[in-house]
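Structure first, then comments.
Bear in mind these aren't lab numbers, they're just calculated from the coordinates by the rules spelled out. Only a predicted model underlies this, so the values are computations on that prediction, with no experimental measurement involved. For neighbour counting, all protein chains shown are included, and Cβ atoms are generated from backbone atoms with ideal geometry for every residue, glycine included.
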Amino acid sequence: SVYWYNGEFIAKEDVRISPDDRGYYFGDGLYEVFRVYAGRIYEAEAHFERLVRTADGLRIALPYTIEAIQQLLEELIGRNGLQEGTVYLQFTRGAAPRSHPFPQGAAPVTMAYCTELPRPLAAMERGIAAVTVPDIRWLRCDFKTLNLLPNTLAKQQALDAGGDDAILHRSGTVTECSASNIMIVRGGTILTHPADNLILHGVTRGVVLRLAREAAIPVEERPFTVDELLGADEAFITGTTVEVTPVVRVDGHAIAAGDAGPVTRRLQEAFAATIR
Ligand code: PLP
């Protein structure tokens, strides 16, 4: 497949990464995952807004304008003939001998590539089982950085326990999942953690909240507890690759009747309409 690496379109085999890349030493970089439907980037503007916010927060000067990046990603999609899948885009602070201070004069290293990925129709239909795991991350989870070790540990812990994904909580307050946001429905109202520093501000989360408001479904952006989750009428996760996927079991307990609820189904339909 064709990669975009430091401004060039080259074969994956020809990508040469420095052992001094700060992405390896420090996880010193940021990324985005864009969804591609019918060959086009979905919600590009929201992803780029988050990319810029993270780059500013990490004090990494993006080496291209957003317009240039978008054009190059579109060219990458074309060169790879991608119809349905994702584009992964990453910037690290650059390559320099290992030392904590920002290096003088090191240029950010850019990489992007495409992956074919069908919509997760089976999981969206049947729902997933989740496992609650303490959220041991830092206090800027709103930045989409390369530091994903707590996320990978949580995901593996959930898989080892026989679940599909991890629901993270800080002292009993649910934040989000290992690679998605989570919402519950109680008494007809959608509850989800506010978009503060403790969660990633999911692009899909934003779309789903907009769809809920358009459908006149009450929404409260307020933290909820693991107990409220276990006693919820419905629960679902949102994300670029999972779209709107029901959570039907948590820690071995069924959520309500143990299948997807009516609000979840309605939002799935509304979401599907946005990608057509
Ligand atoms: N939360 C985390 C920790 C994530 O890694 C992601 C990424 O997919 C999300 C939430 C969902 O964000 P988005 O809807 O922008 O994909």
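Would you be able to say whether some residue in segment 86-94 is among the aliphatic types (A, V, I, L, M) and touching a His at 6+ places or on another chain (Cβ under 9 Å)? There is at least one residue in segment 86-94 that is among the aliphatic types (A, V, I, L, M) and touching a His at 6+ places or on another chain (Cβ under 9 Å). Contact map, segment 80-103: residues that are within 20 Å of G57 (Cβ to Cβ) paired with residues that are among the polar types (S, T, N, Q), Cβ distance under 6 Å, separation 6+ or inter-chain. Pairs shown: F91/T110. Looking only at segment 26-60, residues that are more than 16 Å from the chain's Cα centre (by Cα), loosely packed, with under 15 Cβ neighbours inside 10 Å and of a type in the set (A, V, I, L, M) come to 1 in all.
Taking the condition closer than 20 Å to T241 by Cβ and either touching a strand residue (DSSP E or B) at 6+ places or on another chain (Cβ under 7 Å) or assigned to a loop (DSSP other than H, G, I, E, B) (or both), does T175 pass? Yes. Restricting attention to segment 129-161, report how many residues are surrounded by 14 or more Cβ atoms within 10 Å (Cβ to Cβ), charged (D, E, K, R) and farther than 25 Å from E49 by Cβ. Residues that pass the stated criteria total 1. The set of residues in segment 1-14 that are over 25 Å from the mean Cα position of the chain (by Cα) and surrounded by 13 or more Cβ atoms within 10 Å (Cβ to Cβ) comprises F9, I10.
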